[in-house]
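Below is one structure, written out as structure tokens; comments come after it.
The values are calculated or read from the model by the stated rules, or taken from the named source; none is laboratory data. These figures come from a predicted structure and were not determined experimentally. Here the Cβ positions follow ideal geometry from the backbone for every residue, glycine too, while neighbour counts run over all protein chains shown. Accessible surface is based on the protein model in full, side chains and every heavy atom, while ligands, DNA and RNA are left aside. Shrake-Rupley method; radii C 1.70, N 1.55, O 1.52, S 1.80 Å.
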Amino acid sequence: MKLQISLLIAFIILLLDLATKHWIESILEFGQYIPVTSFFNLVLTYNAGAAFSFLSEQSGWQRWFLSGIATFASIFIIYLLNKHQHEKLFCISLSFILGGAIGNLYDRITLGHVVDFLDFYVGDYHWPAFNIADSAIFIGAALLIIESFRQKEDSDTEPPTKKNK
């Protein structure tokens, strides 16, 4: 998959993420929610930390620390996308992760926190709220796991050669 296509996928995810965050902030105030189904709400919440609000109670240093990690990861992902253009599923996975990472990085740098709004629950138990960027990162990671099993299966079914005997 050409690098331009991978970057286009990441850009589309970034646009969807930023547009949905803007939309939710335009219709809700912090903490307000809209019940959608018996297991899902739209809610406006902010996360100054990482996944599951890890480090969110810190004094502010985490904003720049997590931004640095996301910046480094994004650069490394672009390098991998360029290097592995012939591995389609691998590139799609990384494109999803890249789009999500940049979406949350944008929030973190411009707002000091990440906007979350998807709230799934069962009874009184609510999963931590998340957003489109988080979803893209999760999907990309799941695709990477699938890809790793696919590569193992492919190498297990290859006939032995002089190189891999």
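Values as computed for the structure displayed
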item	result
Filtered residues of region 31-57 (kept if of a type in the set (S, T, N, Q), modelled with pLDDT under 95 and either part of a helix (DSSP H, G or I) or farther than 25 Å from SER93 by Cβ (or both))	SER53, SER56
Single residue of region 58-74 satisfying the filter (open to solvent by less than 40 Å² (accessible area, probe 1.4 Å) and among the hydrophobic types (A, V, I, L, M, F, W, C)) that is modelled with the lowest pLDDT	LEU66
Selected residue (criterion: nearest to GLU29 (Cα to Cα)) from residues of region 115-136 that are in contact (Cβ under 8 Å) with a residue 60 or more places away in the chain and charged (D, E, K, R)	ASP116
Selected residue (only one of LYS163, LYS88 is farther than 23 Å from THR45 by Cβ, open to solvent by 30 Å² or more (accessible area, probe 1.4 Å), modelled with pLDDT of 95 or more and not hydrophobic (A, V, I, L, M, F, W, C))	LYS88
Selection count where residues are outside any loop (DSSP other than H, G, I, E, B) and free of Cβ contacts under 8 Å to residues at least 24 places away in the same chain, scope region 13-30	6
Qualifying residue in region 100-114 (condition: part of a strand (DSSP E or B), within 18 Å of the chain's Cα centre (by Cα) and in contact (Cβ under 8 Å) with a residue 60 or more places away in the chain)	yes
Qualifying residue in region 110-117 (condition: over 18 Å from PHE65 (Cα atoms), surrounded by 21 or more Cβ atoms within 10 Å (Cβ to Cβ) and in contact with a Pro (Cβ under 9 Å, 6 or more places away or on another chain))	yes
Odd one out for ALA133, checked against (1) at pLDDT 95 or above; (2) surrounded by fewer than 13 Cβ atoms within 10 Å (Cβ to Cβ)	(2)
